[in-house]
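Contents: one structure, followed by commentary.
The values are calculated or read from the model by the stated rules, or taken from the named source; none is laboratory data. Predicted, not measured: the structure shown is a model, and the values here were computed from it. Here the Cβ positions follow ideal geometry from the backbone for every residue, glycine too, while neighbour counts run over all protein chains shown.
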Amino acid sequence: MFNLFKYHILKYLLICLLLCTVTAYSQNNPADLGIIPAPESVTLKKGNFVIGANTQLVYSNEQSKKTALILRDYLLKSYGLKLPVVKELQNKQASVIAFRYNKQTEKEAYQLNSEAGLVQIIGEEAGLFYGLQTLMQLIKVDGQKLQVPGVLISDKPRYAYRGIMQDVGYHIYPVSFIKSQIEMLAKYKMNVYHWHLTEDHGWRIEIKKYPKLTSVGAYRASSQISHYVDSLSGQDHLPYGGFYTQEEIKEVVAFAAERQVTVIPEIELPGHSVAALASYPELACGDNPGPFKVAENWGIYDDVYCAGKENTFSFLEDVLTEVMALFPSPYIHIGGDECPKKRWQACKYCQKRIKDQNLKNEDELQSYFVKRIEKFVNAKGRKIIGWDEILEGGLAPNATVMAWRSIEEGIKAAQQNHDVVMSPMSHVYFDFIQGKRALEPLAIAWGYNNLEKVYAYDPTPKTLSQAQQKHIVGVEAAIWTEHMDTYRKVEYMLYPRLMALAEIAWTNPSQKDSISFFEHRLPKHLLQLDQTDKIYRVPGPIGVADTTLKGSVFKIKLKVPVEGAKIYYNFEGQDARETDYLYEKPIDIILHPGEKREMKSVVITPSGKRSVTTTTLFVHP
């Protein structure tokens, strides 16, 4: 009898220990809350906060009032709930969502505390805004109630610079779409919209002093069709172009600032400048250069700004003066990539510049060019950032490097004690395909960066010393648009890779959890996206991939990548459709040694979007 009693006591203690272990895991597991990017610290608490008609939004000063007003508008638009915004609590019986401004808080950091009757967010202005983004992700509908789980979150970003680069030189998109991208950046705590505004193929920003930049340089007579530069390329023979007025740019910059997003303009120099040369040919090398036409084929062009003529620098300083008046960003991006030196080698003005400045070669001439522009920009209280080619010939003293060609270029810049934004095409170029090329829309002829590859990327190379690692100030994904002639295709290429990018930009590696991200949090967010008018790439089923087996019996366990989606499959070699098997439980498949079989599957989301996946299963002989 005594032994039986001890047995039950021991069993009870083991159960308690197990429950405590599960609770401890849950308290630091953001999967339970569905937050992207994952916060630094999460502790679950008992109870919930209920948002209702008697809830008041309380602020402490003007900075916090801005955040309270955003929440008010969100609740009204999303749930039809109109709540008062007050500086002091009007009804002591009311439940409260309070925004407390604290200028001593680390920049962009916040603390969110939720319990029955009170939600409080503390931080400086940006921190309050990011705390609000987390709160909006926490709000759940439970029957007739809006609830926020009891939770304590302390959070701050890993990197100060978290962005995307949107090219509009190859193809231009409506202001409404640019705003929609900025809204999504803000939702996922991204803070930079790098706007690539000039290219060989189109000048997209109005410059009052040089009207031909838009009347001539913003339009091309035709556009390349087919793949990148290859023998199959043709022309559509359709005039194409457009530009953003200065008023439109002010509108976008103000819209972004309200959402803690900095818009960084890029004015390409000294290369990728054919559209400018078509407008003002005297800026090219030689005595009577041109005529030029705005580029129609994708690729790199030999004609660039002349580095030996003083009027080149007068022109660029004029342009940058107007640009800086429109964009209050600390950085001005000056491009600096893919500048051929062929014209400079043959130009008497450029060769004279090399001689007069005691330069060794054309690489040092480019360095002279960039340094001279940097000096001008610095004198205006700004800093330059450029693609990693600005390392060649000697880097401008205060420049920040955007490493795109390889991770190694970023390492070199950090080792020279320059700040670096990592944007390697090997991991975060979003113009690269995301799946098997035959199943993907037309894209650049090389490169593969799927969602999993983006999520696995760590922007800080381990080969750097601790001091050098501090020079990795951020990460950015590039969206080049040769093959994105509609904004819908940009959406397809951006989402959901943006969510993975947000997590590597904000969340420390120790808090990242791929199972939590792919199996729990991302499906919730993709369901939200599925309920909007946005296009996104639907991931394939979770748990299936090309697999080489060691045994003959294989159990396929799948999960839907979007909440509420359905998976259909077959082994018949035909594309899967709704008439095939509906996946409801694990699939047992028997394969004999040496046998190979293909599984075709399709994911269909609640809104009807779909993805098709082909998986090859093979057993070693």
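Details
- Residue check for Leu112: touching a strand residue (DSSP E or B) at 6+ places or on another chain (Cβ under 7 Å), at pLDDT below 95 and among the aliphatic types (A, V, I, L, M): no
- The set of residues from region 434-449 being under 27 Å from His333 (Cα atoms), surrounded by fewer than 21 Cβ atoms within 10 Å (Cβ to Cβ) and not small (Gly, Ala, Ser) comprises Ile444, Trp446, Tyr448.
- Every condition in (1) aromatic (Phe, Trp, Tyr); (2) crowded, with 19+ Cβ neighbours inside 10 Å; (3) over 30 Å from Ile35 (Cα atoms) holds for Tyr219 except the one numbered (2).
- Those residues of region 94-107 which are surrounded by fewer than 24 Cβ atoms within 10 Å (Cβ to Cβ) and either farther than 14 Å from Val58 by Cβ or modelled with pLDDT of 95 or more (or both), in sequence order: Val96, Ala98, Arg100, Tyr101, Asn102, Lys103, Gln104, Thr105, Glu106, Lys107
- From His237, His272, residue being of a type outside the set (S, T, N, Q), touching an Asp or Glu at 6+ places or on another chain (Cβ under 8 Å) and in a loop (DSSP other than H, G, I, E, B): His272
- Residue match in region 154-169 (condition: under 17 Å from Val274 (Cα atoms), aliphatic (A, V, I, L, M), part of a loop (DSSP other than H, G, I, E, B) and modelled with pLDDT of 95 or more): yes
- Candidates in region 470-487 are the residues that are more than 15 Å from Val421 (Cβ to Cβ) and either touching a Lys or Arg at 6+ places or on another chain (Cβ under 9 Å) or of a type in the set (S, T, N, Q) (or both); of these, the one that is surrounded by the fewest Cβ atoms within 10 Å (Cβ to Cβ) is Thr486.
- Residue satisfying condition, being modelled with pLDDT of 95 or more and closer than 27 Å to Met165 by Cβ, within set Asp287, Asp318: Asp318
- So Ala254, is it closer than 30 Å to Ile35 by Cβ and free of Cβ contacts under 8 Å to residues at least 12 places away in the same chain: yes
- The residue list Tyr536, Tyr487 contains one member that is assigned by TED's automatic domain parsing to the domain that holds Met402 and under 24 Å from Ile433 (Cα atoms), which is Tyr487.
- Residue check, Met425 out of contact with any helix residue (DSSP H, G or I) (no Cβ under 9 Å at 6 or more places or on another chain) and on the phi < 0 side of the Ramachandran plot: yes
- Strands (runs of 3 or more DSSP E) (entirely within region 292-404) containing at least 1 residues that are without any contact (Cβ under 8 Å) to a residue 40 or more places away in the chain and of a type in the set (Val, Ile, Thr): 400-403
- Residue within region 415-429 that is closer than 21 Å to Cys339 by Cα, modelled with pLDDT under 95, surrounded by 21 or more Cβ atoms within 10 Å (Cβ to Cβ) and of a type in the set (A, V, I, L, M) present: no
- Residues in region 438-492 that are over 20 Å from the mean Cα position of the chain (by Cα) and aliphatic (A, V, I, L, M) were compared, and the one that is farthest from Gly540 (Cα to Cα) is Ala467.
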